[in-house]
1. Is it the case that some residue within segment 152-165 is closer than 18 Å to V88 by Cβ, part of a helix (DSSP H, G or I), outside the structural domain of I54 (by TED's automatic domain parsing) and touching a Leu at 6+ places or on another chain (Cβ under 8 Å)?
2. In the set T159, T166, which member is of a type in the set (S, T, Y), farther than 27 Å from L76 by Cα and surrounded by 12 or more Cβ atoms within 10 Å (Cβ to Cβ)?
3. Tell me, yes or no, whether segment 20-43 has at least one residue that is touching a Gly at 6+ places or on another chain (Cβ under 8 Å) and either surrounded by fewer than 21 Cβ atoms within 10 Å (Cβ to Cβ) or in the same structural domain as V184 (by TED's automatic domain parsing) (or both).
4. Considering only segment 73-88, I want to know if a residue exists there that is farther than 26 Å from V164 by Cβ, free of Cβ contacts under 8 Å to residues at least 12 places away in the same chain and of a type in the set (A, V, I, L, M).
5. Surrounded by 21 or more Cβ atoms within 10 Å (Cβ to Cβ) and not in a loop (DSSP other than H, G, I, E, B): is that true of H117 in this structure?
6. Determine whether segment 80-89 contains at least one residue that is part of a helix (DSSP H, G or I), modelled with pLDDT under 95 and not polar (S, T, N, Q).
7. Quick check on this structure: which one of L76, L107, L82 is surrounded by fewer than 16 Cβ atoms within 10 Å (Cβ to Cβ) and aliphatic (A, V, I, L, M)?
8. Any residue in segment 147-172 that is closer than 15 Å to L98 by Cβ sitting within a Cβ distance under 8 Å of a residue that is exposed (fewer than 11 other Cβ atoms within 10 Å of the Cβ) and of a type in the set (S, T, N, Q)? List the pairs, counting only those 6 or more apart or interchain.
Amino acid sequence: MTLLILGLIMFLGMHSIRIFADGWRTRTIERMGILPWKALYGLVSLAGLVLIVIGFGQARMHPHLLYPSLSALRHLNSLFVLLALIFVAAAYVPRNHLKAKFGHPMLLGAKLWAFGHLLAIGFLRDVLLFGGFLLWAIIAYAAARRRDRAAGTVQPPGTVGGDVLTVIVGVALWALFAFWLHQVLFGVNPLA
């Protein structure tokens, strides 16, 4: 569990600098330059992600059940992940209504992904991983929306074409993960 916790602190901590130390972040970027900052950000995030993967794998060897999961909730998680991946797609597909309305759809996708997994899986390692991401996504979304309001940020209006492409990309990502990639990467068939 130690590596999992350390990885979460590194990964989510790096992704929280703008939330809790935006002024320091700005001064650091001005001092070192944007490219070195992005390199540092990427390296620390990647190291955190590697520790999360290794730590989670180790924690799977010593399962500690906190609460049982119901079969229906595991299937409901598939719906949460489908919606989450549509929100993630909305972060990248231009001119869609989800981005226009919510501003930061990837963070909403992270919330849905984490919440669905918390419903479906009740082991300590999963509660740490998905609970950590859920808490971070809630705080990050609130901070991002507050920054948007303070800066007067207005997203471009959505279009039907942008919405259709968003849904197509999101469903394609979901199908890729549900029918193949989740099993390959994590050894778990989410539809079983």
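The values are calculated or read from the model by the stated rules, or taken from the named source; none is laboratory data. Note that this is a predicted model, so its numbers are computed, not measured. When we count neighbours, we look across all protein chains shown, and the Cβ atoms used for this are built from the backbone with ideal geometry, even at glycine.
1. Yes, segment 152-165 contains at least one residue that is closer than 18 Å to V88 by Cβ, part of a helix (DSSP H, G or I), outside the structural domain of I54 (by TED's automatic domain parsing) and touching a Leu at 6+ places or on another chain (Cβ under 8 Å).
2. None of the other options fit; the residue is T159.
3. Within segment 20-43, none of the residues are touching a Gly at 6+ places or on another chain (Cβ under 8 Å) and either surrounded by fewer than 21 Cβ atoms within 10 Å (Cβ to Cβ) or in the same structural domain as V184 (by TED's automatic domain parsing) (or both).
4. No: zero hits.
5. Criteria met by H117.
6. Checked segment 80-89: no residue is part of a helix (DSSP H, G or I), modelled with pLDDT under 95 and not polar (S, T, N, Q).
7. After applying the criteria, what remains is L76.
8. That search, which allows pairs on different chains as well, returns nothing.
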